[in-house]
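Notes for the one structure printed next.
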Amino acid sequence: MAVDESQDLTSTTELIDRARDGDTTAQERLFARLYPPLRRWTRGRLPSWARDLADTEDLVQEALVQTFKRMGEFESRGAGALQAYVRQAILNRIRDELRKAGRRPAVAPFDGTEVDSGVSPLEKAIGGEAVERYETCLARLKPRDREAVVARLEMGFDYDELHDLLGTPTVQAARKAAERALMRLAAEMRDEADRSHR
């Protein structure tokens, strides 16, 4: 059954509560709400050489389906908890796929002209060391700031979507929360760079 997400004003928290009680319509709405941004986020994490081995859409769908099967056990701990949980499940699946890829031979023959850096789009954009520094500094932020940064930068949320995710009183408050979180991340990254140059 297709769900018109553009007309769905139900909060994510309410949908989670209903899904935990076994409401399949709530699960479908959560799926429709979470799938597009998680697919964008996953594409940025999966190296191009591994995309033949694990289709991005399959990884996201599998993680969401497995999460919904255990929805009764899920404890929501604030804004973005479900999304953070599913992102971690996707990362675990990506790691599994990369480990499997290392144990099996290449699927296609090479003619020697192929060039593949083996890096993800995020790594191409900011560099491998910068990705590591970004991840380290991101982990130091408070959970709400971390959710704002990931949703805005990595998942491409607009401020309306961020407003729903963070549960802010207004869209303007969501914009300010994202700006503050990004400034905190930038400060952490500057401090980290200073520490590494000592």
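The values are calculated or read from the model by the stated rules, or taken from the named source; none is laboratory data. Model, not experiment: these values are computed from the prediction. Ideal geometry is used to build each Cβ from the backbone, glycine not excepted, and the neighbour counts take in all protein chains shown.
Scanning segment 159-189 for residues that are free of Cβ contacts under 8 Å to residues at least 12 places away in the same chain, surrounded by 15 or more Cβ atoms within 10 Å (Cβ to Cβ) and either over 10 Å from A148 (Cα atoms) or more than 20 Å from the chain's Cα centre (by Cα) (or both) gives T168, A173.
Take the residues in segment 1-22 that are of a type in the set (D, E, K, R) and at pLDDT 55 or above; name whichever of them is farthest from M71 (Cα to Cα). Out of the qualifying residues, it is E14.
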